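The values are calculated or read from the model by the stated rules, or taken from the named source; none is laboratory data. Only a predicted model underlies this, so the values are computations on that prediction, with no experimental measurement involved. Every residue, glycine as well, gets a Cβ built from its backbone with ideal geometry; the counts of neighbours run over all protein chains shown.
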């Protein structure tokens, strides 16, 4: 008999791993700044870090505070009518009561495929959007499983968590680019180039500047996958059964032509995995279904 998984343990485990991974990103950021500081010396690294922080925070905060608007606009979503989509509203109201969360704003996007996403910087500013395909093709239990997954993203503050990750990953990318471009244009000669120790630090700085953005991008993708597993487990916690979400994911899996908008693809319940899972924001549907069946 297969070992049963506790959704409480799964939620706690995935959260611990997510925090550990974001600590890894922070360590890489500190290591990169320190290595470049040793390589170039002077006040340059301080200026470099300030520039990276300003640029990264600027675009991240704009995206963070307008995440719901940007996501809805990108897919052409429309506000859902409570009279036309009564079951949709009733299901979310029930989940709001079960989770203790405020009622999110509900939207519909005209798309025949089965999918959904949640967005918003916190539960008070959250939105859920489902496709017309999900409303037409899923039964009541399956739709509630999908909505419970999206409510879980809201309850777990996943948008905020991924924003923090994006800030650090963005800073690493910007610092690396500024450092490498400055070397190319010969503007960072703060240390004596004949100094053997400085040359070693310079090589270390260059290697880290090249590898760090790649490493943290892979870690960021791994964090995203863990948040999906956590949302699946939290959905089971809300519903007290994995049956509905399993049914919905199984129907999505049978659709080989699934497509989602590139810009907001990481937000969706599911997205096509055309590359190795290492480079994906979502775990494979097969793995998610297998885990849910053990709960």
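Going through (1) at pLDDT 70 or above; (2) closer than 22 Å to residue 54 by Cβ one by one, residue 199 falls short only on (2). Residue 135 meets all of the listed conditions (1) free of Cβ contacts under 8 Å to residues at least 60 places away in the same chain; (2) within 23 Å of residue 288 (Cβ to Cβ); (3) under 21 Å from the mean Cα position of the chain (by Cα) but one, namely (3). Of the residues in region 110-124, how many are farther than 18 Å from residue 157 by Cβ and crowded, with 21+ Cβ neighbours inside 10 Å? The qualifying residues number 3. Looking at region 250-282, which of its residues are over 25 Å from residue 127 (Cα atoms), modelled with pLDDT under 80 and in contact with a helix residue (DSSP H, G or I) (Cβ under 7 Å, 6 or more places away or on another chain)? If the condition is that a residue be over 25 Å from residue 127 (Cα atoms), modelled with pLDDT under 80 and in contact with a helix residue (DSSP H, G or I) (Cβ under 7 Å, 6 or more places away or on another chain), then 278 is the only one that fits.
Could you tell me which residue of region 78-89 is surrounded by the most Cβ atoms within 10 Å (Cβ to Cβ), considering only residues that are assigned to a helix (DSSP H, G or I) and touching a helix residue (DSSP H, G or I) at 6+ places or on another chain (Cβ under 9 Å)?
Checking each candidate, the answer is 88.
Could you look through region 276-295, keep only residues that are more than 11 Å from residue 242 (Cα to Cα) and part of a loop (DSSP other than H, G, I, E, B), and pick out the one that is nearest to the chain's Cα centre (by Cα)? Only one residue tops the list, namely 281.
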